[in-house]
Amino acid sequence: MTEPNISTPLPVVILISGTGSNMLRLADLARTGELPIEIKAVISDRNATGLQAAAALGLVTAVLSPKQFADRAAFDKALAELVASYQPQLVVLAGFMRILSSQFIRPFADRMLNIHPSLLPKYRGLHTHQRALDAGDTEHGASVHFVTEELDGGPTIIQARVPILADDTAQTLAGRVLQQEHRILPEAVRLFASGRIRSAQSKAWLDDQELAEPLQVFSNTP
């Protein structure tokens, strides 16, 4: 793999639907120079509170509501065009709560990451924390993966694991998992920006070696 010139920050577009805490973590690390990226825009499908926080940091923000479009395909096409207008080399889904179709995914194939609150392939989709509790799992966590047309099914790059405590609720578990999301999403972005991680042949490759298992981060903090 040819190493990119990391003296030039990697242009990134981030998609959010909520408070954007993962986006803010990336923005903070980019501001201090700890992450070699330039956030070109933060885009949401609604008037998310995270957009206000992004604007306060001087970031470009945009809202594109699905209600403006006749169907999902039309929305995804418009969203892809909006994202492409910022010429990103990486797209990050940081709490973006819409299922995206091939209309959006294909233009950004192999250069789109998603943070998902479970230890994939477990618990794709929603309500992951409650599902882990209901299953009696002893650990839970978060995963960063390349986005493909399969829901939460692209090659996983890195995971963080947290123990499930006897008195955990979905809310307390979610809080601890979110802390770990703030660790692993920047690391995955850093690996991509430095040219160390890539997606090819439906697999993740680290330093030109197939990543047989996701990188692991453990938290023993209650």
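The values are calculated or read from the model by the stated rules, or taken from the named source; none is laboratory data. Predicted model only: the values in this text are computed from it and were never measured. Virtual Cβ from ideal backbone geometry, glycine too; neighbours counted across all protein chains shown. Ligands, DNA and RNA are excluded from the accessible area calculation, which covers all protein heavy atoms including side chains. Shrake-Rupley method; radii C 1.70, N 1.55, O 1.52, S 1.80 Å.
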Some residue of segment 193-201 being β-branched (Val, Ile, Thr), surrounded by 13 or more Cβ atoms within 10 Å (Cβ to Cβ) and out of contact with any Phe, Trp or Tyr (no Cβ under 9 Å at 6 or more places or on another chain): no
Residue match in segment 148-156 (condition: closer than 26 Å to Val13 by Cα, in contact with a strand residue (DSSP E or B) (Cβ under 6 Å, 6 or more places away or on another chain) and not in a loop (DSSP other than H, G, I, E, B)): yes
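For residues that are without any contact (Cβ under 8 Å) to a residue 60 or more places away in the chain and either touching an Asp or Glu at 6+ places or on another chain (Cβ under 9 Å) or in a helix (DSSP H, G or I) (or both), scanning just segment 80-96, find the one that is surrounded by the most Cβ atoms within 10 Å (Cβ to Cβ).
Ala80
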Filter pass, Leu133 being at negative phi and outside any loop (DSSP other than H, G, I, E, B): yes
Count of residues meeting criterion [open to solvent by less than 60 Å² (accessible area, probe 1.4 Å) and either without any contact (Cβ under 8 Å) to a residue 40 or more places away in the chain or in a helix (DSSP H, G or I) (or both)] in segment 45-62: 9
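Residue by residue, here is whether (1) open to solvent by 20 Å² or more (accessible area, probe 1.4 Å); (2) without any contact (Cβ under 8 Å) to a residue 24 or more places away in the chain holds:
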site: Phe108; (1), (2): no, no
site: Tyr123; (1), (2): yes, yes
site: Ile157; (1), (2): no, no
site: Pro163; (1), (2): yes, no
site: Arg190; (1), (2): yes, no
Failed item, numbered, when Asp110 is tested on (1) closer than 20 Å to Ser17 by Cα; (2) part of a loop (DSSP other than H, G, I, E, B): (1)
Selected residue (only one of Ala142, Ala200 is among the hydrophobic types (A, V, I, L, M, F, W, C), in contact with an Asp or Glu (Cβ under 6 Å, 6 or more places away or on another chain) and under 27 Å from Leu15 (Cβ atoms)): Ala142
Sole exception among (1) within 29 Å of Leu79 (Cα to Cα); (2) open to solvent by 30 Å² or more (accessible area, probe 1.4 Å) for Val144, by number: (2)
